[in-house]
Amino acid sequence: MSHFTIYQDSYINATILSNRFIDEYMTDANDAQLKVYLYLVRMMSANLETSVTDIADRFNYTEKDVIRAFKYWKSKGILELDTDEGGNLTAVHLKNLCQYESIGPSVEETHQPQALVTPQTIVSSLGRQTVFEENAVQEKKNAVPAKHSYSSQQIRDFKTSHDALGSGIDIFYLAEEYRKKPLSQSDVSTIIYICEELGFNDELFDHLLQYCASRDKSDFRYIEKVAISWKEKGVTTPEEADSLPGRYDSKVYEIMRQLGKTGNTPTDREVSYISRWTDEYGFSDDIILEACGRTVMATEKNRFPYADKVLKSWKENGVTSLKDIEALDMQHSLKEKAKPAGAGAAPAGENSTNRFNKFSQRADIDFKELEKRLVRN
């Protein structure tokens, strides 16, 4: 009999992920490691090529972040990295997790059925709703609406309605200033999505751009992710955004940027330095940034301790403004000019490279007579 083909009338556009990955490996992995691995599985399922640069750009990571994720999964034994003679990455080999025995218990073995709690509206004797309904209302309020594309007419309507509000802020011009380049159609759609669908007013949108710019992030995919995160957390004002756990105000990120720490999350020690400069020393932003600028010109390493020494010296000298710093610079310059020529130089003979300079030289030697004696001998 002839061979026949089996096919179905629909195609499921899906990526298959091993249950073992979820049971054993997903818990300990961080956000970057999970995204990188899932994207590798997705590209493998589609039989498509990718690169470290492509993955980094897609998820707004650095290439080092992607490489670290590769090495993490390699250490877990679920992928191998193929390289050429020059050490360049040529392929990523994803191991088949289904062909090995599971090390730990599965979800089915550890799952404990929970009693179903329905968030019904329950009114107490005081007439207030329970926490169940309050949470449900809050979650509905913070729900993130789906994003869709906007037509040219919708964009014009948005601009017209926004101008009619009389806020005095051109948010498209504002975004171009932060981006340092003209906005694309996709950028404009993202702005409308953030302002219209996520409900950001001009002040909060401006603060969003400042926050992203302080982290040296101007890509609208990143800006949109931050906006969605704030929406999910119920942020409606700049003050609420600054008070989020693990968040620092734009001043911290600007200082980080001025010291060459762009894109980095401040460490506890770095934040303690900045807090000392603002709280203990009481310096304004312009004085701190002046110290940062001098630090960058002076050293490439240990910049926070170096800047701290500069600011501590200014504090001890009573600096309260940039004019005070100029006065200190002038005093230092005059002191240097007032030093006598050669001041501070080592006395002749003490540090000389001529080892005979330590002995006194006699000025009464008759060299002609000495020459005659040498000739006779």
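Computed from the coordinates by the stated procedures, all read-outs in this text should not be read as laboratory data. Just so we're clear, the structure is a prediction, and the values are computed from it rather than from any experiment. Cβ: placed from backbone, ideal geometry, glycine included. Neighbour counts: every protein chain shown.
Restricting attention to region 284-337, which trypsin sites (Lys or Arg not before Pro) occupy a DSSP loop and are surrounded by at most 15 other Cβ atoms within 10 Å?
301
Neighbouring Cβ atoms within 10 Å as the yardstick, rank 255, 287 fewest first.
Fewest-to-most Cβ neighbours within 10 Å comes out as 287, 255.
Using each residue's phi in region 186-198, evaluate 6.51 cos²θ - 1.76 cosθ + 1.60 at θ = phi - 60° and report the 3J(HN,Hα) Karplus result to the nearest Hz, with x for Gly and Pro.
Going residue by residue, I get 5, 4, 4, 4, 5, 4, 5, 4, 5, 7, 8, 7, 8 Hz, with x marking Gly and Pro.
Picking from 204, 235, 218, whose Cα lies most toward the positive end of the charge dipole for region 152-247 (charges on Cβ: Lys, Arg +1; Asp, Glu -1)?
After comparing all options, I get 218.
Where does each of 216, 23 land when they are ranked from fewest to most other beta-carbon atoms within 10 angstrom?
The order, fewest Cβ neighbours first, is 216, 23.
Would you mind calculating the gained length between residue 26 and residue 267 on full extension (0.36 nm times residue separation, minus the Cα-Cα distance), in nm to one decimal?
84.2 nm
What residues qualify as long-range amide H neighbours of residue 95, i.e. H under 5 Å apart, gap of 5 or more or another chain, H built at 1.01 Å from N?
The list, which skips near neighbours in sequence, is 79, 80.
Past the 22 Å Cα-Cα mark, which pairs from 181/251; 147/233; 181/225; 76/217?
181/251; 76/217
If the chain between residue 74 and residue 197 were fully stretched, how many nm would it gain, using 0.36 nm times the residue separation less the Cα-Cα distance?
This chain segment gains 40.2 nm when fully extended.
Ranked by Cβ crowding within 10 angstrom, fewest neighbours first, how are 160, 62 ordered?
160, 62
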